[in-house]
Amino acid sequence: MKRGIVVLLSLILLVAVGYFTASKWAIRHETVTFYDAARGNRPVPVHIAVRYDKEMQADAGMITLPVAVLNHGNTVKHTEYSFLANVFAARGYIALSPQHDLPGDPPMVTKPGELYVGRLPQMQRGVDNIHFALAEMKKLQPNADYAKVTMVGHSLGGDISMLFAKEHPDHVKKVVTLDNLRVPFVTEGKFKILSFRSKDAQFKPDPGVVPDAEQCEKSGITVVDTGFQHNDMRDTGPDTAKASIQSMLDKFLSDTDSELGPVDTKSPKITQPGPVSLLVPGKKTARPVAN
């Protein structure tokens, strides 16, 4: 009889834990489309990822959701970074992924010698899309912090993220890039930066984009040499690449979201990279090479 009671209590506990875990990590995905009247009624689709329980708390006015804006790479859809959106949503963020280019947009032309290799118009369009998307999202979910957002982006999306941070530093909480190649890192140290770099002969950052180890240490920038290919850093990439990036990103968010004390910008917070090689600021033998 006693053993039966123990087994029953264990089953109840298991069910309770399972229910709590499932409800805690359940993430809602939805795409909404806004229309910008100031730009000829331009459609701006935005993919939303948010935990159900956190969204309910925000709707009830109990919490304010932190906001992460995920920016896609060139020719890549805004829905192809769910592996990143899920990390942010699982940690209680509302993750927003705007679509920056549309089928009718003019093709992007690379022009060596021009600012950001001639891609500034596309980057600026992305910045405009972000401003518009945040303003529209505030109407749908007012209980979120749109004044201080985390900018995230892969490739061209990373450049859009860095340009947004450069132009609007007071509206940025932190920046995460995956192999941005054109816009130099913001080095004023106003926010933490995490950047994943590829090992890809076809995708090399322009000179001056990635700071040297000394500047990284001074500015609170953590650079991670992943060893992966440039195009591995999206949903179509191998599971090993995505899992490694997710693990490092989650650790970075855990450290930088902590409110227990001031952020130490003198040394990197990530100390357990697992299968990913970490470039520690201050160790010149591990410096990234800008080509």
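The values are calculated or read from the model by the stated rules, or taken from the named source; none is laboratory data. Note that this is a predicted model, so its numbers are computed, not measured. As a convention, Cβ positions derive from the backbone with ideal geometry for all residues, glycine included, and neighbour counts pool all protein chains shown.
Could you go through segment 198-215 and let me know if any residue there is β-branched (V, I, T), at pLDDT 95 or above and buried (at least 23 other Cβ atoms within 10 Å of the Cβ).
Yes, some residue in segment 198-215 is β-branched (V, I, T), at pLDDT 95 or above and buried (at least 23 other Cβ atoms within 10 Å of the Cβ).
If I go through segment 131-163 residue by residue, how many of them are surrounded by fewer than 17 Cβ atoms within 10 Å (Cβ to Cβ), out of contact with any strand residue (DSSP E or B) (no Cβ under 8 Å at 6 or more places or on another chain) and either in contact (Cβ under 8 Å) with a residue 12 or more places away in the chain or among the aromatic types (F, W, Y) (or both)?
Within segment 131-163, residues that are surrounded by fewer than 17 Cβ atoms within 10 Å (Cβ to Cβ), out of contact with any strand residue (DSSP E or B) (no Cβ under 8 Å at 6 or more places or on another chain) and either in contact (Cβ under 8 Å) with a residue 12 or more places away in the chain or among the aromatic types (F, W, Y) (or both) number 1.
Looking at (1) under 17 Å from the mean Cα position of the chain (by Cα); (2) at pLDDT below 95; (3) among the β-branched types (V, I, T), which is the only condition T265 fails?
With (1) under 17 Å from the mean Cα position of the chain (by Cα); (2) at pLDDT below 95; (3) among the β-branched types (V, I, T) applied to T265, the lone miss is (1).
Only residues in segment 47-66 that are more than 19 Å from T31 (Cβ to Cβ) and touching a residue at least 60 places away in the same chain (Cβ under 8 Å) count as the first member; pair them with residues that are assigned to a helix (DSSP H, G or I) and not acidic (D, E), Cβ under 9 angstrom, at least 6 apart or cross-chain, and list the lot.
From segment 47-66, the pairs are I63/K54; I63/Q57; T64/A58; P66/F88.
Exactly one of (1) within 27 Å of Q229 (Cβ to Cβ); (2) at pLDDT 95 or above; (3) surrounded by fewer than 16 Cβ atoms within 10 Å (Cβ to Cβ) is unmet by A60. Its number?
Result: A60 passes all but (1).
I'm trying to understand the selection: among the residues of segment 22-69, which are part of a loop (DSSP other than H, G, I, E, B) and under 23 Å from K173 (Cβ atoms)?
G61, M62, I63, T64
Would segment 194-216 turn up any residue that is in contact (Cβ under 8 Å) with a residue 60 or more places away in the chain, β-branched (V, I, T) and under 20 Å from A89 (Cβ atoms)?
no
For segment 103-130, enumerate the residues that are surrounded by 12 or more Cβ atoms within 10 Å (Cβ to Cβ) and among the hydrophobic types (A, V, I, L, M, F, W, C).
Listed by number, the residues that qualify are M108, V117, L120, M123, V127, I130.
Answer yes or no: is there a residue in segment 164-182 that is without any contact (Cβ under 8 Å) to a residue 24 or more places away in the chain and in contact with a Pro (Cβ under 6 Å, 6 or more places away or on another chain).
no
Step by step: first the residues of segment 79-121, then only those that are touching a residue at least 24 places away in the same chain (Cβ under 8 Å) and among the acidic types (D, E), then the one that is nearest to F252 (Cα to Cα). Which residue is that?
Here the answer is E80.
Looking only at segment 240-260, which residues are more than 19 Å from G220 (Cβ to Cβ), among the polar types (S, T, N, Q) and touching a Leu at 6+ places or on another chain (Cβ under 9 Å)?
Across segment 240-260, the qualifying residue is only Q246.
Search segment 68-82 for residues being surrounded by fewer than 24 Cβ atoms within 10 Å (Cβ to Cβ) and in contact with a Ser or Thr (Cβ under 8 Å, 6 or more places away or on another chain), and hand back the single one that is nearest to N129 (Cα to Cα).
By that ranking, first place goes to H78.
Could you please find all residues in segment 103-160 being aliphatic (A, V, I, L, M) and farther than 30 Å from G61 by Cβ?
Listed by number, the residues that qualify are M108, V109, L115, V117, L120, M123, V127, L156, I160.
What are the residues in segment 201-227 that are charged (D, E, K, R), assigned to a loop (DSSP other than H, G, I, E, B) and over 21 Å from the mean Cα position of the chain (by Cα), if any?
D206, D212
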